[in-house]
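Taken together, the values in this text are just the output of simple stated rules run on the coordinates, not laboratory data. Please read these numbers as outputs of a predicted model, since none were measured by experiment. Heads up, the Cβs are rebuilt from the backbone with ideal geometry, glycines too, and the neighbour counts pull from every protein chain shown.
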Amino acid sequence: MTLNLLKTSSVYYNKLFVDPPATGNATGSSAGVTGRQSSVLPGSKAKVLLVDENTTPIISMCYTQSQLLSNDVILVELIEKQATLNPMKHLQCVCYLKPSAESIQYLIRELKNPHYNSYQIFFNNTINKGQIEKLAESDEFELVQSVVEIFQDYLIINDNLFTTSPLKFQQQLNGVGGNGKLVDVSSSVVSLLLSVKKCPVIKYETNSKELRKLSSEILYAINSNSNNNLFDDVNSKLDTPPILLLLDRKNDPITPLLSPWTYQSMIHELIGIQKNIVKVGDEQLTLSEQSDSFYKDSMYLNYGDLTDKVQKYVEEYKTQTKQTSTENLQTKNLADLKNFLIKFPEFKKFSSNVSKHLNLVSELDKMINQQHLWELGELQQTIVADLESHSSIKLKIHQILDNYTPPQQQQPQVTSTLNKVKLVLLYALRYENTNKPENETDTFINKLSNPNLTSPPPTLSQLLLLRSFKKYIGISRNRTDSRSTTSSSRNSTDGVGLFNGKKFNQFFNKSLNNNSNSNQPDNIYMQHIPKLYETLTSLIQEQQSPNNHQSQNTTDQLTTLVPEAVTRQFGSATSDSIQDIIIYIQGGVTYEEARLIHEWNNTTKMKLNIIIGGDTILNSSSWLDNLCDLVNAAETNVSQELPNHRGQLRDLL
Amino acid sequence: MSESNTPKRRVLGSNVPSGATPNEEVPSNHENVLLCPICSESMVSLSQLNRHIDDIHSGSDSGVLSSSSSPAPPASGSPVSPTPPLQKAPMNREFLNGSVSRWLKNNFENVVETSPLTSPQKRKTVKLDLLDKNKGFSLSESLTSPSTLNVFNDSDGTKEKDISKSPGKPPTASASRNNVNRLSRSHWQQPSSVSTDYCADQTCHRVLNIKNGKVNCRKCGLLYCNEHTYYKARLKNNDTIPKKPEILYEPSKEGTWARVCRSCYEGKPEDNEPLTNDLTSSFKKQRQIHNDQKELHRNKVTKRFIKLVNLHSDYYLSTKTNPDFWFSSSSWTVSRVLDEEKQIVGLENWQHDSQVQACPLCFSNFNFFTRRHHCRVCGRIVCDGSLNDKQIICSMDVPLNLFLNNKLAHLNFSPLVVQNMKELKEIPDDNEKFRIRCCNDCKDDLLHDWKSSNDSNRDVYSSSSEIFKLYDQLFLIKKNIHGLYPKYEKLIHSYQVSGDLDEINKLRIKLMSFLRDFESLIALFKKSFFVLTKQNVLKPSDDLSSDIQKLVNNIHQSTTTYLQETLINIKQLSNVLKEKEKNELKAHQQYVADAAVKNIESNNVGGSEEDSIQSPLSPSSLSPKPLPSQILEPDLTKRQIRELREELMVMSEQKFIIQGLIEKVTKSRKFDELAPLEENKTELDRNIQDLERKLGEFGF
Ligand SMILES: [Zn+2]
Ligand SMILES: [Zn+2]
Ligand SMILES: [Zn+2]
Ligand SMILES: [Zn+2]
Ligand SMILES: [Zn+2]
Ligand SMILES: [Zn+2]
């Protein structure tokens, strides 16, 4: 099974609506002791889809309403509203539910008091024996035709990008690090592993306490027989064990803070994507790799290439409009009209797609200019990739904070508070190990707090973050800490770790751009390479050449757990080659990292299969919020007592 | 990977330095260590413990006790035996006896033990790496130094010297550390001694030399360049055929890593179906067990009910005539009735008041206000539900004739009851006799069969049934179209010069009539359930409830989309056919022209030829019969009928689309676009009428 999420979802779609599993006649036909066979109305295949609040986004992100309608799903209902449903005994019911205690409870009620003709039950994750017994007990009228587990307890964002199931509001209130969340994330990841048929070796970043728990949770789920040994044979066609790489966002706080410059990333950064839907003005635009081929071709393009491509797209549209337009209807003869009308649905789709992307790109352009992102983005890259000297960087930050007036302009250029905070945080992170007086973080913070320069002033929690992030976000600490006794070596380790973007960039650009058409190999706005790249490279190199001491640093940071099924199949020598990698970033993944993986998958010759995901998809604002929350929680110590007030607190501060 | 080297560091979100290694820290004081109350295995989280108890201790308690008291076997290596779904899982000794920490630690030890650093075998697989600096990421050939070719190693331990100079030559056996695993090389393509060898990859085909490499794919044996053997697969010899060795894929530790070509890499059998797990049969098995039990129970309840009816009928009939039964000959007393009721339920089932402190159905405690009542069917003590706030009526003193009317009249009652059934049914509900106390559970059990036989007809009378009646018809037509369309499509695509048009025509006529039916059904559907608002917008009728409106909307949308798409598809197919016929006509004309030229030159055929070009006709029309411009009522040829019908179809379809456009334009209030559309529609209407008149009885 190649790691191809969209294909997985389309196969599952067929299972759900097109070609449902046989109704298990072998054992089921003898059921009619009392002759209570459900009377299926002949010919009628009208279906109702019964979902719960967990599976609703999964369905709506993968499948369109017209797709459902074309497969005779003429009604979609929430099982949470079970009590108020209208009885419609003509309809066959397809249930697509997460096996949560709540959904099972509702389903039991539904079966005891059925509203529909018959039931095909699908769960999007593993269901335990107790649950299935309860269901069997409640199906008094023997209306259930099939019970099937399919494994899709996660959201598919791109073909190679997933997020774990969103948490319910209630769970969110219960705090970030709660066990409930951990188990949810674990079962979501496990469902992903099952759907792509991978029983992986687990590698996680040793320094993360959260990941240690998560990995043990996942290993337990794989090893224990609660899943009816589903994991035992999934690798049977693989030569080498797949790898589940668990990373902690806190080990790379830089990547989500930077302004990205490729299409999908920019939309999320500057407008915001929620479950593949973007709101521009009062319009809701759907972004789908599956149904929008223009988007598929352009989602990873950098801004320069993107604008070219959109322009061509618009021109193509214009030529077609000339041939067939509604205005021409009155002047042209019937033959032309006929032609137009035949192409009409196609044409309409085309025109709405053009306007969608035009809309998006002009919105992006607006935001770039509004936020002075050309200057700001360059400076961000300059800071993190060491493109200029420390003093010249400081000078530029001062200019931004002072709202300076650029040479050719009349007006002072005012940068938003949020962007200023991000910039200072980047600086503080980058020069974390540079001591005063060279390090001017404090000066910058003072300028930020000056209401004459920055209005509205940064929130207290943002200032708190800037002052005390060091205690919580370790950047090059994994390296420096081991040598912390010799503090003199600190300066020499500057530029290592996260900030070797430049070094990798040459390597990266050279190889990647040979294949892509990018005519901007030295794009100043894309100098930073996420730490993920380094982690992956050394992981792969270490596997291939274990005694390469250069990569030792990285492998030290990863701990490995091997499920029994893997040991059984491959023996204990599990580290001899890599073909499939599933990456999960706890704390959130970025579209930029998904793009990196996309390029990687398409460049490597040996068909390395990588997919990536996280519990959420970050942009710089949401990441800054999360950082503020984390630092606040730790500093004010409210995390234990009032975890649900944290968000309010953030707004207050 | 060795944990002791892990640098101590702080993790965001906690003030506690968490430098400890995983296996040390599982039982750390900073965390709440959870112990399984049954086997004292330690757990990381509460949910893990829950699952552990589900997995390990569910059901067979005895097994737990016995195995946990037995000495602990070594925790490593013993694979969990696969358990068939939904049977009681055999105890997993490893889980029972090792603690999680020990078990985790074991895994860590495995890792350490198998660490690449300690495995000399690993060191040799250096140059296979595609991400190796020289190869993976740089596409530059010049970086590929010849030395990488010279020391190429398979991980089976055979070290090949200078394969670029002597590919195909099996190395001496002594070089192999592990002879058993050595892959057979007898099938290898030998490098040509006279001519040049080329890479066997279709897209490459470059000359094989020192620079490009000259490598045998270990699977197929062909010679490739370096770049095209840059893939790895686990292989093994097929030993079952000793004479003709064959290399097989072996995706396990038994397989030997070896260099293969791309087609062998990609040809590796793959498992491309995402996992699904069908639990239906085990579900149905359990349902069977439960429902059988319930069935048994219900039979018991029904039998008791019959006896109760017999008893009370007897009581009622023999006491009704002389209400003053003190003086009657009958021996009926209230306490005798109660005694007999107890006998029917069974004394062992008749609960004692002291046994029960709360109602089992609503959990209210019994007291002066919430009184105890005996259900006469099951013997349990329940309340009457009058005081609980849960809206359950726990029990009722039900007049028996309520059961007898319709619902349970057919049961196997005593002859006395059967004879007097009519009278018994007519006993007024407020009669003090002929009633029993019955709890809610027993009522459900008694009425179960009646309910399930009535349930399926329940919404026949509801508002949705009309909708579904129409939908079912639509569905049926859709199914017919679905059956015909692929046939039609296939016929048209396989249609050849002078092929059988009759079949195609027949099919098209059928298809079109189905589509017409479909369209008129949609119209009927619209008429029945939609109303036109003042703004001229179609909208589900307000009489319908909101979810029925949703339903109606969805059905309308799905059916109209289907109709539109199918019409367009059929239209496109007609174009394909037309195109084919046109080509055929041209070919024919060419033939005719050639023949004409061959014939007498003075013969003027040119004019007629041009005529037929202007009106492209199908082959059957080649007989000189020009298409008349005016009405041709009686003698329409088959072809003309077909053409006219086709035209009519196109027109109707256009009308349909235009109507949709008009609706849309009206909705969005773009009235300037409305006028030309309306104009078009009128023109189309005119055309359609025209055509229908021409076709006359041959219309659909
Ligand atoms: Zn236990
Ligand atoms: Zn081959
Ligand atoms: Zn080649
Ligand atoms: Zn009660
Ligand atoms: Zn009593
Ligand atoms: Zn009872």
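The table that follows gives values for the structure above.
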quantity: Shielding score for A:622-634, defined as the mean number of other chain Cβ atoms within 10 Å; calculated: 1
quantity: Ascending count of other beta-carbon atoms within 10 Å, so fewest first, for B:M43, B:M512; calculated: B:M512, B:M43
quantity: Rough spin-label spacing in nm, given labels placed 7 Å along Cα→Cβ, for A:T405 and B:Q659; calculated: 6.8
quantity: Peptides ranked, highest mean first, by Cβ atoms within 10 Å: ranges A:414-422, B:367-375; calculated: A:414-422, B:367-375
quantity: For A:239-247, mean number of other protein chain Cβ atoms within 10 Å; calculated: 2
quantity: Separation in nanometres of the label points that stand 7 Å from Cα toward Cβ, at B:I289 and B:V531; calculated: 5.6
quantity: Only Lys, Arg (+1) and Asp, Glu (-1) charged, at Cβ; region B:294-455 dipole about Cα centre in debye; calculated: 280
quantity: Amide proton proximity set for A:I610, modelled H, under 5 Å, gap of 5+; calculated: A:I581
quantity: Virtual spin-label span in nm between B:H352 and B:R372, 7 Å along Cα→Cβ; calculated: 1.0
quantity: Gain in span if fully extended, B:E466 to B:Q496, counting 0.36 nm per residue against the direct Cα distance; calculated: 6.1 nm
quantity: Peptide A:150-160, shielding by other chains (average Cβ, 10 Å cutoff); calculated: 1
quantity: Most to least packed among A:277-289, A:191-203 [average Cβ atoms within 10 Å]; calculated: A:191-203, A:277-289
quantity: Potential extension, A:Q311-A:F294 segment - 0.36 nm per residue separation minus Cα distance; calculated: 4.9 nm
quantity: Local net charge near A:K396, Cβ-Cβ under 10 Å (Lys/Arg +1, Asp/Glu -1); calculated: -2
quantity: Calculated FRET value between A:S621 and A:A101, using beta carbons and R₀ = 30 Å, to 0.05; calculated: 0.30
quantity: Added length on full extension, which subtracts the Cα-Cα distance from 0.36 nm per residue, B:S40 to B:N575; calculated: 184.9 nm
quantity: Calculated FRET efficiency for the pair B:A523/A:D282, C-beta based, R₀ 35 Å, to 0.05; calculated: 0.50
quantity: Over 32 Å between alpha carbons, listed pairs A:K250/A:K275; A:K181/A:K366; A:K47/A:K181; calculated: A:K181/A:K366; A:K47/A:K181
quantity: Under-5 Å amide H pairs with B:D384, H placed in peptide plane, nonlocal only; calculated: B:R371
quantity: Förster-model FRET efficiency, 41 Å R0, A:N450 and A:S362, C-beta, rounded to 0.05; calculated: 0.70
quantity: Prolate/oblate/rounded label for region B:294-455 (Cα gyration tensor, a/c 1.5); calculated: oblate
quantity: Other-chain or far-sequence residues with amide H under 5 Å of A:T590's (modelled H); calculated: A:L618
